[in-house]
Each structure stands twice: as C-alpha cells, then as structure tokens.
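The values are calculated or read from the model by the stated rules, or taken from the named source; none is laboratory data. Just so we're clear, the structure is a prediction, and the values are computed from it rather than from any experiment. Here the Cβ positions follow ideal geometry from the backbone for every residue, glycine too, while neighbour counts run over all protein chains shown. Surface areas here come from the heavy atoms of the whole protein model, side chains and all, with no ligands, DNA or RNA. Shrake-Rupley method; radii C 1.70, N 1.55, O 1.52, S 1.80 Å.
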Amino acid sequence: MAFKQRTVVTLNTSAQGVTTQSALSAMAVPVRLHSGNFDFIAAKPDGSDLRVLAADDKTPLKFSIETFDGANELAVLWVQVPTVAPGSDKNLLHVYAGNAQATAEPSAAVVDAGALLTLRFAEADGRARDAGGSDSVAAAPVDREPNGLIGASARFNGSQVLEIPASASLAAAAGAPYSISLWARPTAVAGTLLAQGPLSLTLDAGKAVLRLGVLRVEGGALPPAAWVHLGVTLGAGKATLYVNGAQAAQADLPAAAPAVAGALRLGQAYAGLIDEVQVAGAQRSADWMAFTRAAQGADAKLVATVTQAEGQASSADAGHGGYFGILFKNLTIDAWVVIGICGLMFLVAVWVMVAKTVLVRRTDSGNVRFLQAFRSAPDVLTVGEPQAFPGSSLARLYAVGVQQLQRRRIGQQGAPALSGLSLNAVSASVNADLVRENQGLNAQMVLLTIAIAGGPFLGLLGTVVGVMITFAAIAAAGDVNVNAIAPGIAAALLATVAGLGVAIPALFGYNYLASRIKNISSDMQIFIDEFITRVAEQYGERSGNSAAAGGGH
C-alpha cells in the first residue's frame, strides 16, 4: 500500500537539542502538522489515511488525532513513543499520508505511562474527559479556546470552575508519589490553577505557589501573557515545583504530610487559559519535566520535521530494509568493544588462512615436482639441490639426508659401505627435520583454533551484557513494552552474530588446512621411508661383506 508522503519527526535529546540524562518510556508526544511540514492536499480531508511508524520505519505506533483541519492546514496528533533515548538525535517518528485506499485507524488512548488523568479539552461539548479512557468526566462544561497551546484549551474568566468528581483512582495516600503537569497562560496575577484536597497550585502576585497542608513552596515569577509549563512532584520526602521544565523550588515534606484526595478543581478565581492537565501516580523525573515542556511546547531544538514526497517516502506497509541500521544505532559501548575485538580476530584468521593456503599449495606443487625427479634418478644422491624445487618440504628433507651421507663419505671413491648404525643415524636426522617441517606447517594454526573457540564465547558475552543493560534501562524507566525492549536486545545479538561470523569461516578454513597439512605430513613420512630404503639398497652393507653398494656400479 503506497503512501505519497512521509514526514520524519526527530526528537533530539542530544546536546544540540533538549538534553536528557535517562531514557523515557511510553511518552505521549504531540506532533503538529502544518503546511510547512505536511501536504494536506495529498491527504484525505479527515486524516483517516494517517499512519505513524517508529524509528525502524516498520513498527506501527499508537496515535490519536486531536484535531485535523484540512481547510486551514493544521493538525495535532498524539503519538505513543515507546522509548526516548537520552543524548540521541535518532529518536525518530514517521508520519505517512496520501493513500486513497487507506482506512481510518481505530481510535487509541494515547497518554503518558503512569497517568491517572489527562485532560486535553478537545471535547466539542466542553465537558472535559480523561484522554486515557477512564470514567473521569467534568461535572459541567467549560468554555473552550479553539486556538490554544495544543489544539483547544480551557478558558477561565475568574468565575468558572472545572471540577472532576472525586474517585479512588485520583487519590494518593500520605507520602505516596504524586505528580501534576499543566500549561497555563494567565491574564491575572492571582488565582487557583489546580486544587485537590490539601494540595493546590496557585498564582500569588504572579508567582507559582505549591501548597500541601501547612507546607508552602514558592517558585519564581511567571512570564506575563505567555504559556508556561508548571509541574509538581511529591515523593522521596520532597515536594518539588517546576517552572518551564526547570526546578524552581523544593522543600521537605512534613512528617505528617496529608493524603491527596477529593474532587479535582481547575480555575477557581483564575483568569486565563489552561491546557494539557495531567495527574500521575508516580514521581516524575526532572528529565520527564524538561522533555514534556519541550515536546508539548514545540521547542524547535527538540522537535524537527522533514517532509518527503512520493518517491522519497517508503511504503508504510512494505517490508524493505533498514534493519541493520536500526541495530547499529542501538548498540551499546560494550557491544561495540566486543564487535571490534571480533573484527580484529576475523582479520587475523583471514590472514592465517590465506598465508597457510598459499604455503600448502606451494609445498604440494614443489613436492610433486621433486618426487618425479627423485623417482626417475638412477642414483639416490644425484636428484639435485633443494633450490631446484622451491617450496618442496621433501627436497629439504632430502637435502638433510644427503648432507648426513656426505659427512660419511658415502658415494665417494673408496668409501666404506653404510652400516646399519649409520643408516639409523641418517634416518634419525631426517626424522628430526620432519618434526621441524611439521612445526612450520602448523605454525599459527593455533590462532584459528582461538577464533573458533573464543569467537562465539566472546560474542555471547557481549550479548549477555547488552541484554542486561537493556533490561536495567527498562527497569529504571518503569515501563515494559516490546517496542522498548526489542531494539536493545536485537542490537545485543549482533555481538553473537559477530562471534559466529569469526568462528564459522575459521572453522572451515582450519579443517581444510588441517587436512592438507596432514596429507603433506604423510607424504613426508612416506618419503623418508622411501629415501632410507633406496640408500640402504645402493650404499648399505650387503650380506655382511664390506664392499660399497653401488646399485650396479
């Protein structure tokens, strides 16, 4: 199924974007589409042909459409991002459109992990509802501002109040972790943004103030007539107030901190706009606050979009490449170290296999030529010098044997016959050289055995460490889903692939070379027996007489 366009969305958490130090999981990220990054003419008027894929350009992601206005060329999608890696510019999303045959995707609840309540004020009747699908619904409608921060926002005039009835799911026991995140654009310097039982987030003389029972935490002054992100976290004995993604104030929770329960009220005595209210049963991190502020506020340093037209965009349903690119992007440092070592082992193994292959072929060729000369020579001492048979191990053995015979003046005029003891001594010398020839043939073969035995174990070590790191990161993030786990584990398995990639060629090469070397060694042993036999026949003692054997001389 072909799509005519693709918009690539980058969430840059590197030093060039909005830096985060830890991985964030199951984040609900708004994607703003406009005429500068999306072709509304090519898409269906209601956006029913939209598809969102993960960084691998294969995995479908859950998304919901908050607004899609083809006439004014504006749209807002909420996308469930499985994981946002820290310090990376490879956190990608792919938004596809422009397919007349595509049908609308089922509606999905897209909220952050751990959210108990998410209000986006997108309801046409003004009765705010939990975007996460719970039963939490405002008791009465509130005025809406169509052009808010993210789609529509709630508008308060100082007398309106939006109330979410009390429920057990929105309560937090004394000392339990709890977090609040919201956007506000006040037109007055006082008022209550959010209140729930003893907990409140208010404006006091233009400053954000957090109250929890008798505890009061005051932040800095808010910028006038501008959207500001406010965050509150309770947990680990601390109450923290965030302003625009940065910690503004913090205080110790009292020993008898009250429980947070009751109806949740927004906008009491407050004038201005409120958008994207979230209550969570977890203590949000500083990274979470910074990322949320940047993502929802459309910080250009964090969110970048590039549109690709037909011919550049890949099919959302096609099954083509890019997998290894995803794997290499997710490799950890330990996996790179293991793969680097395996690569070095592979180069050494290839060098040994090539060098040994050249050696055994040269030796075989030289031995064939020498045997022909040896067997056709009438006198065992007149075959020729080793230099005439380059590479021949048999020629070198022959030279050692001839040298031993010459030291005994065998073959010279008036020389005595070769005794049995002398023949044994010549045989021992040639056999000693045979051992040295075998050592030379088998030299460096141990490097291949190291590659065969060590490569898989080294790769397995890299995989195990990589999997441990992946699960540790997921445990730290507190969320488990296949999209978060799969890239890390798949990348970790590359270390095992690298180890097998070293061991398998080395195994084949080792077996081939070992067979050839064994044949050469057998040929040398056979030649020694043949050489000693001919020497004994031509120059050995005959039936006890002392005449030198001349082979017919």
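I need the full set of residues from the range 201-233 which are open to solvent by 20 Å² or more (accessible area, probe 1.4 Å) and not in a loop (DSSP other than H, G, I, E, B), in order please. Please lay out each step first, then the result.
Our first condition is that a residue be open to solvent by 20 Å² or more (accessible area, probe 1.4 Å); within the range 201-233, this holds for 204-205, 207, 211, 213-216, 218, 220-227.
Answer for the range 201-233, where residues must be open to solvent by 20 Å² or more (accessible area, probe 1.4 Å) and not in a loop (DSSP other than H, G, I, E, B): ASP204, LYS207, ARG211, LEU215, ARG216, GLU218, GLY220, ALA221.
List the number of the failed condition for ASP130; all other conditions in (1) modelled with pLDDT of 90 or more; (2) within 23 Å of ASN72 (Cβ to Cβ) hold.
(2)
How many residues are over 13 Å from TYR96 (Cα atoms) and either polar (S, T, N, Q) or part of a strand (DSSP E or B) (or both) if we restrict to the range 25-76?
So the count comes out to 19.
Being at pLDDT below 90 and of a type in the set (D, E, K, R): is that true of ASP112 here?
no
Tally up the residues in the range 172-196 that are over 39 Å from the mean Cα position of the chain (by Cα) and not in a loop (DSSP other than H, G, I, E, B), please.
From the range 172-196, those over 39 Å from the mean Cα position of the chain (by Cα) are 173-174, 185-196; that's our starting set.
Remaining after also requiring not in a loop (DSSP other than H, G, I, E, B): 185-186, 191-196.
So the count comes out to 8.
Across the range 234-271, what is the total count of residues that are in contact with an Asp or Glu (Cβ under 9 Å, 6 or more places away or on another chain), among the small types (Gly, Ala, Ser) and outside any loop (DSSP other than H, G, I, E, B)?
3
Of the residues LEU423, LEU381, LEU359, which is touching a strand residue (DSSP E or B) at 6+ places or on another chain (Cβ under 9 Å) and hydrophobic (A, V, I, L, M, F, W, C)?
Exactly one residue qualifies, and that residue is LEU423.
Can you find a residue in the range 190-199 that is modelled with pLDDT under 90 and either more than 25 Å from ALA282 (Cβ to Cβ) or open to solvent by less than 50 Å² (accessible area, probe 1.4 Å) (or both)?
no
Please work out which residue is least open to solvent (accessible area, probe 1.4 Å), limiting yourself to the range 234-287 and to residues that are in contact (Cβ under 8 Å) with a residue 60 or more places away in the chain and of a type in the set (S, T, N, Q).
GLN278
From ASP287, ASP275, which residue is at pLDDT 90 or above, in a helix (DSSP H, G or I) and among the charged types (D, E, K, R)?
Values: ASP275 fails: in a helix (DSSP H, G or I).
Step by step, each of ASP287, ASP275 is checked, and only ASP287 is at pLDDT 90 or above, in a helix (DSSP H, G or I) and among the charged types (D, E, K, R).
Answer yes or no as to whether ALA154 is buried (at least 22 other Cβ atoms within 10 Å of the Cβ) and either modelled with pLDDT of 90 or more or part of a strand (DSSP E or B) (or both).
yes
Can you tell me how many residues within the range 351-396 are under 20 Å from ALA536 (Cβ atoms), in a helix (DSSP H, G or I) and hydroxyl-bearing (Ser, Thr, Tyr)?
Here the count works out to 1.
Can you name the number of the only condition in (1) within 39 Å of the chain's Cα centre (by Cα); (2) at pLDDT 90 or above; (3) open to solvent by 10 Å² or more (accessible area, probe 1.4 Å) that SER169 fails?
(2)
Please give the number of the condition SER179 fails out of (1) under 19 Å from GLY245 (Cα atoms); (2) open to solvent by 10 Å² or more (accessible area, probe 1.4 Å).
The failed condition is (2).
Which of the residues belonging to the range 115-131 are surrounded by fewer than 18 Cβ atoms within 10 Å (Cβ to Cβ) and either small (Gly, Ala, Ser) or in a strand (DSSP E or B) (or both)?
If the condition is that a residue be surrounded by fewer than 18 Cβ atoms within 10 Å (Cβ to Cβ) and either small (Gly, Ala, Ser) or in a strand (DSSP E or B) (or both), then ALA124, GLY126 are the ones that fit.
Considering only residues that are basic (Lys, Arg) and at pLDDT 90 or above, which ones fall in the range 40-97?
ARG51, LYS62
Are any of the residues in the range 428-441 among the hydrophobic types (A, V, I, L, M, F, W, C), open to solvent by less than 70 Å² (accessible area, probe 1.4 Å) and part of a loop (DSSP other than H, G, I, E, B)? First the steps, then the outcome.
Filtering the range 428-441 down to residues among the hydrophobic types (A, V, I, L, M, F, W, C) leaves 428, 430, 432, 434-435, 441.
Pick out the ones that are also open to solvent by less than 70 Å² (accessible area, probe 1.4 Å) and you get 428, 430, 432, 434, 441.
Those still in the list that are part of a loop (DSSP other than H, G, I, E, B) too: none.
No, because not a single residue in the range 428-441 is among the hydrophobic types (A, V, I, L, M, F, W, C), open to solvent by less than 70 Å² (accessible area, probe 1.4 Å) and part of a loop (DSSP other than H, G, I, E, B).
Any idea how many residues of the range 197-206 are under 46 Å from the mean Cα position of the chain (by Cα) and closer than 15 Å to ALA269 by Cα?
Filtering the range 197-206 down to residues under 46 Å from the mean Cα position of the chain (by Cα) leaves 197-203.
Applying the additional criterion that residues be closer than 15 Å to ALA269 by Cα yields 200-203.
The total comes to 4.
Only one of (1) open to solvent by less than 30 Å² (accessible area, probe 1.4 Å); (2) more than 27 Å from ALA514 (Cβ to Cβ) is not met by THR363, so which one is it?
Against the list (1) open to solvent by less than 30 Å² (accessible area, probe 1.4 Å); (2) more than 27 Å from ALA514 (Cβ to Cβ), THR363 comes up short only on (2).
Specify which of the listed residues (ALA286, ALA263, ALA259, ALA255) is closer than 25 Å to ALA138 by Cα and out of contact with any Leu (no Cβ under 9 Å at 6 or more places or on another chain).
On inspection, the qualifying residue turns out to be ALA259.
Please find, within the range 368-394, the residue that is surrounded by the fewest Cβ atoms within 10 Å (Cβ to Cβ) out of those that are touching a residue at least 24 places away in the same chain (Cβ under 8 Å) and closer than 18 Å to THR533 by Cβ.
Among them, the one singled out is PRO378.
Can you tell me which residues in the range 517-535 are surrounded by fewer than 13 Cβ atoms within 10 Å (Cβ to Cβ) and of a type in the set (A, V, I, L, M)?
Passing the criteria: only ILE526.
Given the condition at pLDDT 90 or above, open to solvent by 30 Å² or more (accessible area, probe 1.4 Å), out of contact with any Ser or Thr (no Cβ under 6 Å at 6 or more places or on another chain) and of a type in the set (Gly, Ala, Ser), answer yes or no: does some residue in the range 326-340 qualify?
For the range 326-340, residues at pLDDT 90 or above, open to solvent by 30 Å² or more (accessible area, probe 1.4 Å), out of contact with any Ser or Thr (no Cβ under 6 Å at 6 or more places or on another chain) and of a type in the set (Gly, Ala, Ser): present.
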